[in-house]
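The values are calculated or read from the model by the stated rules, or taken from the named source; none is laboratory data. Note that the structure is predicted; figures quoted are calculated from it, not measured. Here the Cβ positions follow ideal geometry from the backbone for every residue, glycine too, while neighbour counts run over all protein chains shown.
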Amino acid sequence: MAEQLRNFLKDKPSKAFTAPFDVRLSAQGEDDTVVQPDLLVVCERSKLDGKACNGPPDLVIEILSPSSFSRDKWLKFNLYQRSGVREYWIVDPDSGTVTVYTLEGGQYMTSAYGGAQRVPVSVLPGCEILLGEAFEQE
């Protein structure tokens, strides 16, 4: 997924990052929560200070593992929704599925994908992730 996103973003203002890369969910400092998503995309370069993203990224992708399952599915879901992450993906490599949460009116709307489907990235118009390719690269 990271490779597909980076290829799409080549010569575009948005930028993709992989862990470890700090994200301070509140740019104003009211909340000192720092997370390190597996993969993220920032469309507003003003949020970047060279070491971290200050404020919610536009896209966050978390890849499930047995140790991260409940943290990614519940804790981070609520953190990302509350802080305004526009799109949050939970990737389950064991089942070959992706659950996409798109922020609408402050609440996440859910879509699910699997197999060799193409997953549209709503925050990057024209970008689609080919799941078959993505899971081969995992």
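Looking at segment 58-79, I want the residues that are over 14 Å from Val35 (Cβ atoms) and modelled with pLDDT under 85 and have a partner that is surrounded by 20 or more Cβ atoms within 10 Å (Cβ to Cβ) and among the β-branched types (Val, Ile, Thr) with Cβ atoms under 8 Å, at least 6 apart or on another chain. Which pairs are those?
Hits for this filter: Lys73/Ile90.
Counting just the residues of segment 62-82 that are among the hydroxyl-bearing types (Ser, Thr, Tyr) and surrounded by 14 or more Cβ atoms within 10 Å (Cβ to Cβ), which one comes out farthest from Leu40 (Cα to Cα)?
This residue is Ser68.
Which one is farthest from Leu131 (Cα to Cα) among residues in segment 40-51 that are within 15 Å of the chain's Cα centre (by Cα) and free of Cβ contacts under 8 Å to residues at least 60 places away in the same chain?
Glu44
Assess whether Ser111 counts as being surrounded by fewer than 19 Cβ atoms within 10 Å (Cβ to Cβ), in contact (Cβ under 8 Å) with a residue 12 or more places away in the chain and touching a strand residue (DSSP E or B) at 6+ places or on another chain (Cβ under 8 Å).
Judged against the criteria, Ser111 is a match.
Which fully enclosed strands (runs of 3 or more DSSP E) of segment 23-106 have 2 or more residues being over 20 Å from Lys12 (Cβ atoms) and either hydroxyl-bearing (Ser, Thr, Tyr) or in contact with an Asp or Glu (Cβ under 6 Å, 6 or more places away or on another chain) (or both)?
Passing ranges, in order: 59-63, 87-92, 97-104.
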